[in-house]
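The structure appears below as structure tokens.
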Amino acid sequence: MTKKQLFYIRVSRTQKEYLVAVCDEDLLGKTICEGELELYVNERFFGGELVPLEKCLEQLKIASSFNIIGKTIVDAVIENRMVSELAVMWINCPDNGKIGHVMFLR
């Protein structure tokens, strides 16, 4: 039996905005690096509820904007035709492999 992939999700709501932040479970609190580029996966921004992929996709579909980071979550939104692969910033991190990052506004 394989372990089910989980993701950290944080939803922020205002009267006009519905922002969803999601990261792969293993990236929370880590710094992703490639050359001079450093991206910290901040616990205050991304850390929230730990949920399965299906719940993340439900929330991302209704979001007015979202910010996602991780190979698995980015592959899932591409697969579900929520973003084009051309919109992804891919980071080749020596410690974590290929990581995708997407910021999306509707």
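Right, R10: buried (at least 17 other Cβ atoms within 10 Å of the Cβ) and not polar (S, T, N, Q) or not?
In short, yes.
Across segment 13-46, the qualifying residues are those that are among the small types (G, A, S) and at pLDDT 95 or above, and the one among them that is nearest to R106 (Cα to Cα) is A21. Taken together, R81, R10, R106 contain a single residue that is at positive phi and not hydrophobic (A, V, I, L, M, F, W, C), which is R81. Please work out if P94 is exposed (fewer than 14 other Cβ atoms within 10 Å of the Cβ), modelled with pLDDT of 95 or more and either out of contact with any Gly (no Cβ under 7 Å at 6 or more places or on another chain) or more than 18 Å from C33 (Cα to Cα) (or both). Taking the combined requirement at face value, the residue does not satisfy it.
Condition first: without any contact (Cβ under 8 Å) to a residue 60 or more places away in the chain and of a type outside the set (S, T, N, Q). Now tell me which residues in segment 91-106 satisfy that. Listed by number, the residues that qualify are I91, G97, K98, G100, V102, M103, F104, L105, R106.
Just give me the residues in segment 35-49 being in a strand (DSSP E or B) and without any contact (Cβ under 8 Å) to a residue 60 or more places away in the chain, in sequence order. Working first, answer last.
Our first condition is that a residue be in a strand (DSSP E or B); within segment 35-49, this holds for 37-40, 49.
If the condition is that a residue be in a strand (DSSP E or B) and without any contact (Cβ under 8 Å) to a residue 60 or more places away in the chain, then L37, E38, Y40, E49 are the ones that fit.
Quick grid of which residues meet (1) surrounded by 18 or more Cβ atoms within 10 Å (Cβ to Cβ); (2) closer than 19 Å to L6 by Cα; (3) of a type outside the set (A, V, I, L, M, F, W, C):
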{"residue": "L27", "(1), (2), (3)": "yes, yes, no"}
{"residue": "E49", "(1), (2), (3)": "no, yes, yes"}
{"residue": "E54", "(1), (2), (3)": "no, yes, yes"}
{"residue": "F66", "(1), (2), (3)": "yes, yes, no"}
{"residue": "I69", "(1), (2), (3)": "yes, yes, no"}
{"residue": "R81", "(1), (2), (3)": "no, no, yes"}
{"residue": "S84", "(1), (2), (3)": "no, no, yes"}
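Sort through V88, V83, V77 and tell me the only one that's under 23 Å from G35 (Cα atoms) and either touching a residue at least 12 places away in the same chain (Cβ under 8 Å) or over 13 Å from the mean Cα position of the chain (by Cα) (or both).
The conditions single out V88.
The values are calculated or read from the model by the stated rules, or taken from the named source; none is laboratory data. Here the structure is a predicted model, which is why all the values come from computation and not from measurement. Neighbour counts are summed over all protein chains in view; Cβ atoms, including those assigned to glycine, are modelled from backbone coordinates with ideal geometry.
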